[in-house]
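Here is the structure we will look at, set down as structure tokens.
The values are calculated or read from the model by the stated rules, or taken from the named source; none is laboratory data. The structure presented is a predicted model; accordingly, all values stated were derived computationally and were not measured. Glycine gets a Cβ as well: all are built from the backbone with ideal geometry, and neighbour counts include every protein chain shown.
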Amino acid sequence: MEISLNYEYRASDLETLPFEQLAIHTLTAEEMPENTQVSITFVDDDQMAEFNAEYRGKSGPTDVLSFECDGLDDDFIEVFDDPDLPFVLGDIIVAPDVAQRQSGDYGTTFEGEITLLIVHGLLHLCGYDHIEDDEAEEMKQRELEILTLWGNASGDSTAVDTLIFHDHPHHGRGEEE
């Protein structure tokens with residue numbers, strides 16, 4: 001798997017954190033092929049607000065956005081099954097400053113919050129959504145499974161704790177999603 005991490009903002013806070021391993025962990029759990037490619041970009045609030053306005057019609061920065069490329073529902077079966085061709089799953093954009101603020105609101109660490117946002121964004125690329133209540137519950141359960149395994153492996157369970165004990169905006173159908 002090829003994970004491209006783009007530290008356009010707050011590189012010194014993010015470069016040492018194991019986000020490439022987290023992405024591979026998540027994509028492996030979702031049984032994505034070895035030829036899967038994903039990019040994760042960290043941007044400031046102003047850039048995220050521009051993306052949020054352009055692609056969602058909403059003002060202000062959001063925490064994470066996902067942009068699917070070679071979608072699982074599209075006719076990319078030959079790419080999905082051919083290890084010599086890249087399967088470009090998509091791009092995730094994360095706003096670290098929003099994550100920092102949310103970490104205070106939801107009782108997680110900065111790393112735990114970014115971890116949750118990356119898993120959430122990757123699950124969107126893998127076909128999960130939270131528009132309907134049943135979809136939201138399915139996505140929340142999958143997040144819990146992946147984050148629990150990651151927390152056990154990494155020793156940082158704050159993302160799991162946030163998912164279970166706090167009313168995080170990614171666990172329902174609220175405006176923040």
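In the range 136-155 there is at least one residue matching the filter, namely being modelled with pLDDT under 90 and at positive phi.
Which residues, taken from the range 18-36, are within 17 Å of the chain's Cα centre (by Cα) and surrounded by fewer than 17 Cβ atoms within 10 Å (Cβ to Cβ)? First the steps, then the outcome.
Of the residues in the range 18-36, the ones within 17 Å of the chain's Cα centre (by Cα) are 18-32, 36.
Listed by number, the residues that qualify are Pro18, Glu20, Gln21, Thr28, Glu31.
Taking the criterion of being outside any strand (DSSP E or B) and among the acidic types (Asp, Glu), the residues of the range 83-100 that qualify are Asp84, Asp97.
Would you mention how many residues in the range 106-119 are in contact (Cβ under 8 Å) with a residue 60 or more places away in the chain and more than 18 Å from Glu20 (Cα to Cα)? Walk me through it before giving the result.
From the range 106-119, those in contact (Cβ under 8 Å) with a residue 60 or more places away in the chain are 106, 110-111, 114-115, 118-119; that's our starting set.
Subset that is more than 18 Å from Glu20 (Cα to Cα): 106.
Going through the range 106-119 one residue at a time, the tally reaches 1.
Within the range 122-136, which residues are outside any loop (DSSP other than H, G, I, E, B) and touching a helix residue (DSSP H, G or I) at 6+ places or on another chain (Cβ under 8 Å)? Reasoning before the result, please.
Here is the first cut: in the range 122-136, the ones outside any loop (DSSP other than H, G, I, E, B) are 122-125, 133-136.
Within the range 122-136, Leu122, Leu123, Ala136 meet the criteria.
Selection within the range 22-46: residues that are of a type outside the set (A, V, I, L, M, F, W, C) and in contact (Cβ under 8 Å) with a residue 60 or more places away in the chain. The member of this set that is nearest to Ile93 (Cα to Cα) is Thr26. Just to be sure before I move on: is Met48 among the hydrophobic types (A, V, I, L, M, F, W, C) and under 24 Å from Asp84 (Cβ atoms) in the structure I sent? Against the criterion (among the hydrophobic types (A, V, I, L, M, F, W, C) and under 24 Å from Asp84 (Cβ atoms)), Met48 does not qualify. With respect to the conditions (1) in a helix (DSSP H, G or I); (2) farther than 15 Å from Leu125 by Cβ, Thr28 lacks only one, and its number is (2).
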